[in-house]
Amino acid sequence: MKRISILGLGYIGLPTAILAAQAGYEVCGYDIDQEKIKQINKGNPVIFEPEISDRLWKALQGGLFKVSHELQYADCFVITVPTPFKEGNRADLSYVYQAADAIAKRLMPGNLVIIESTIPVGTTEQVAQFLEKNSDLKLGKDFFVAHAPERVLPGRIFKELIENDRVIGGICQQSCKLTQLFYSKFVKGVVHVTDDKSAEMIKLTENASRDVQIALANQIASMCKVANLDPYHVIELANKHPRVKLLSPTCGVGGHCIAVDPWFLIETFPEQTQLFQVARAINDKKPLTVIKQVLDKAAELKSRNISRPKIFVMGLAFKPDVDDIRQSPALQIATELHKHADALELNVYDHNIPLHVLQKYPFQIVSDVWHGIAWADVILVLVKHKEFALMHQDVFCGKVVIDTCGLLYEMQSRQTSAILEGAVKVDTAFWKTGAMKDLA
Ligand SMILES: NC(=O)c1ccc[n+]([C@@H]2O[C@H](COP(=O)([O-])OP(=O)(O)OC[C@H]3O[C@@H](n4cnc5c(N)ncnc54)[C@H](O)[C@@H]3O)[C@@H](O)[C@H]2O)c1
């Protein structure tokens with residue numbers, strides 16, 4: 001296996017293509033987005049990810065990596081195209097079949113096709129049959145197909161592409177063998193081999209499990225709000241139990257994986273996924289709860305003679321420390337609050353998202369976080385970017401803070417332990433801040 005064609009040069013495809021070239025394969029990246037191809041050829045990776053510019057530049061210079069808007073013949077084709085959902089929360093597999101169609105026209109004896117995109121159970125087999133039908137080749141004899149789902153965390157993609165364990169599922173033994181061989185050149189984690197349907201199910205259950213765990217954390221937060229307790233304190237101490245590992249509440253679940261993939265299971269197994277359906281409903285409702293909380297707070301301040309309370313939103317990305325706003329609940333909250341200009345003034349800040357992206361939205365952008373905090377009556381913390389957690393809690397003194405992600409709790413815990421360095425560790429939940437905390 002020498003020549004590799006990678007279809008779809010986004011967050012997954014481009015880093016994978018670069019790593020494969022650095023491992024010694026002759027790699028040609030292919031994308032239907034011609035502007036992306038142009039930019040990548042110039043050394044601009046288009047996405048924000050540590051190490052990527054440097055690695056892309058080296059790969060282009062090294063001579064083993066090129067990109068094209070025409071799919072090249074290869075020994076192995078890797079599909080890394082999007083799999084969003086469409087109306088009715090059903091998987092949109094049109095990109096996968098479009099990619100498979102392009103491959104079928106170039107399929108040669110001995111070829112391997114790997115689907116890395118996240119797909120519903122049974123899709124690998126269906127795509128394999130599609131390839132057989134649209135080529136003159138026999139599946140499992142002339143060409144081979146496997147699913148190799150991706151589990152990387154944006155912000156650590158290169159490290160995780162190399163170090164994570166992988167699960168690969170082939171439609172036959174030879175598909176597994178060839179796929180294992182492909183990854184063995186650049187994956188240091190263990191490559192676990194299984195069948196195609198198990199691999200699909202494993203990837204989807206991983207993300208559905210995260211969704212359920214976040215829903216659980218969000219339910220704990222709702223109960224704590226009624227009981228006037230700090231959910232971050234409750235969860236931190238519950239996690240001292242050796243077999244409990246609760247996640248943290250958030251302002252909702254976004255991105256293109258955790259908020260999407262459970263639907264692929266719900267679609268295929270409607271009778272067996274009640275828990276996933278409830279988790280989706282809880283997590284989808286969370287941004288609406290936060291919006292209501294802000295509007296209620298604005299109404300309360302208005303009754304205290306602040307006619308249009310100033311709300312400062314900290315964080316818009318779908319999770320901490322990324323530039324990605326795809327299906328971001330924070331973006332949903334800010335966009336909705338912006339519509340209530342009669343009730344409040346809104347300023348928004350997120351240092352991770354490029355200005356030209358933020359400027360597409362109607363709300364007012366602030367480029368100086370300190371200015372935004374000083375301006376505001378209410379600070380609405382939606383994403384706990386690491387830079388926010390480095391601030392001192394005193395910056396919020398005298399402000400109402402609606403904290404949807406535990407920023408205040410982390411600040412207090414860290415600053416309290418710094419103050420108490422060397423002393424007996426005490427319970428930090430009661431360490432007072434000047435801020436009037438209002439947990440979501
Ligand atoms: N981004 C992640 O963190 C992550 C993690 C695990 C799994 N995944 C899965 O990996 C897959 C890819 O995700 P992504 O985040 O890289 O998507 P992305 O949107 O960043 O990139 C996909 C690329 O595919 C291109 N494309 C679309 N149709 C094509 C076609 N027919 N032929 C060639 N190129 C085509 C698009 O132009 C785009 O550049 C999805 O199934 C996703 O669920 C993503």
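Work out, step by step, the length gained on full extension between Ala389 and Leu275: first 0.36 nm times the residue separation, then minus their alpha carbon distance; give nm to one decimal.
37.7 nm
Quick one: accessible area per residue over the chain, 1.4 Å probe, rounded to a whole number of Å²?
I get 46 Å² per residue for this part.
Can you run phi through the Karplus equation (6.51, -1.76, 1.60; θ = phi - 60°) for segment 18-34 and list ³J(HN,Hα) in whole Hz, with x for Gly and Pro?
3J(HN,Hα) across segment 18-34, in whole Hz: 5, 4, 4, 5, 5, 7, x, 6, 8, 10, 10, x, 10, 8, 7, 8, 5.
Would you work out the relative contact order for the chain, in percent, from Cα pairs under 8 angstrom that are 6 or more residues apart?
Reported as a whole number, the value is 10 percent.
Using the per-residue mean of other Cβ atoms lying within 10 Å as a proxy for protection, in what order, highest first, do the peptides 323-332, 222-231, 63-72 fall?
Most protected by this proxy first, the peptides run 323-332, 63-72, 222-231.
Would you rank Ser209, Ser117 by solvent-accessible area, highest first, keeping every protein chain in place and using a 1.4 Å probe?
The most accessible residue leads, giving Ser209, Ser117.
Sort segment 3-189 into rounded, prolate or oblate with this rule: let a ≥ b ≥ c be the square roots of the eigenvalues of the Cα gyration tensor; rounded if a/c is under 1.5, and if a/c is not under 1.5, prolate when a/b is larger than b/c, oblate otherwise.
The shape class here is rounded.
Evaluate the charge dipole of segment 224-439 about its Cα centre and quote only its size in Debye, nearest 20, assuming +1 on the Cβ of each Lys and Arg and -1 on the Cβ of each Asp and Glu.
360
Which of the three applies to segment 217-261, rounded, prolate or oblate, going by the alpha-carbon gyration tensor with a ≥ b ≥ c and a/c under 1.5 meaning rounded?
It is oblate, given that a/c is not under 1.5 and a/b is not larger than b/c.
Of all accessible surface on segment 14-167 at a 1.4 Å probe, what whole percent is carbon and sulfur?
48
Tell me whether the chain comes out rounded, prolate or oblate; compute the Cα gyration tensor, take square roots of the eigenvalues as a ≥ b ≥ c, and use a/c under 1.5 as the rounded threshold.
Since a/c reaches 1.5 and a/b is larger than b/c, the shape of the chain is classed as prolate.
Along the charge dipole of segment 224-439, Cβ charges K/R +1 and D/E -1, which of Ala279, Val226, Tyr409 sits furthest on the positive end?
Val226
Where does helix 274-302 land angle-wise versus the long Cα axis of the chain, in degrees 0 to 90, nearest 10?
Around 30 degrees separate the two axes.
Can you tell me the dipole magnitude for segment 3-189 around its Cα centre, using point charges on the Cβ only (Lys, Arg +1; Asp, Glu -1), in Debye to the nearest 20?
300
Students often check this: by mean Cβ neighbours within 10 Å, which of 388-395, 170-177 ranks highest, and how do the rest follow?
Ranked from most to least packed, the peptides come out as 170-177, 388-395.
Give me the distance in nm between label points sitting 7 Å out from Cα along the Cα-to-Cβ direction at Gln174 and His371, one decimal.
Going by the 7 Å Cα→Cβ label model, 6.5 nm.
At a probe size of 1.4 Å, how large is the accessible area of Arg308, to the nearest 10 Å²?
100
Order Tyr25, Tyr95, Tyr73, most accessible first, counting only protein heavy atoms with a 1.4 angstrom probe.
Tyr73, Tyr95, Tyr25
On a 1.4 Å probe surface of the protein chains, which of Asp403, Asp284, Asp92 comes out largest in accessible area, and what is the full order?
The most accessible residue leads, giving Asp284, Asp92, Asp403.
Give me the angle, in degrees from 0 to 90, between the Cα long axis of helix 123-133 and the longest principal axis of the Cα atoms of the chain, rounded to the nearest 10.
30
Pick out, from Leu112, Leu153, Val46, the residue whose Cα sits farthest towards the positive end of the charge dipole of segment 3-189, with +1 on the Cβ of Lys and Arg and -1 on the Cβ of Asp and Glu.
Toward the positive end, the furthest listed residue is Leu112.
Which of the peptides 373-381, 142-150, 75-83 is most tightly packed, and how do the rest follow, judged by the mean count of other Cβ atoms within 10 Å per residue?
Ranking, from highest mean packing down: 142-150, 75-83, 373-381.
Treating only the Cβ of Lys, Arg, Asp and Glu as charged (+1, +1, -1, -1), what charge dipole size does the chain show about its Cα centre? Round to the nearest 20 debye.
Dipole magnitude for the chain comes out near 320 debye.
What angle do you read, to the nearest 10 degrees and between 0 and 90, between the alpha-carbon axis of helix 94-104 and the longest principal axis of the chain?
Once rounded, one gets 20 degrees.
Would you mind telling me the share, in percent, of accessible area of segment 224-439 contributed by carbon and sulfur at probe 1.4 angstrom?
59
Note the full-extension length gain between Glu70 and Lys285 as 0.36 nm times their separation in residues minus their Cα-Cα distance, in nm to one decimal.
Going from the current span to full extension adds 73.1 nm.
May I ask for the Rg/Rh ratio of segment 1-64, computed from Cα atoms with Rh as the Kirkwood radius, given to two decimals?
Rg/Rh: 0.92.
State, as an integer percentage, the relative contact order of segment 224-439 based on alpha-carbon contacts under 8 Å between residues 6 or more apart.
Relative contact order for segment 224-439 comes out at 20 percent.
The values are calculated or read from the model by the stated rules, or taken from the named source; none is laboratory data. Just so it is clear, the model here is predicted, and its values are computed rather than measured. Every residue, glycine among them, receives a Cβ derived from its backbone with ideal geometry; neighbour counts consider all protein chains shown. Areas reflect the complete protein model, heavy atoms only, side chains present, ligands, DNA and RNA absent. Shrake-Rupley method; radii C 1.70, N 1.55, O 1.52, S 1.80 Å.
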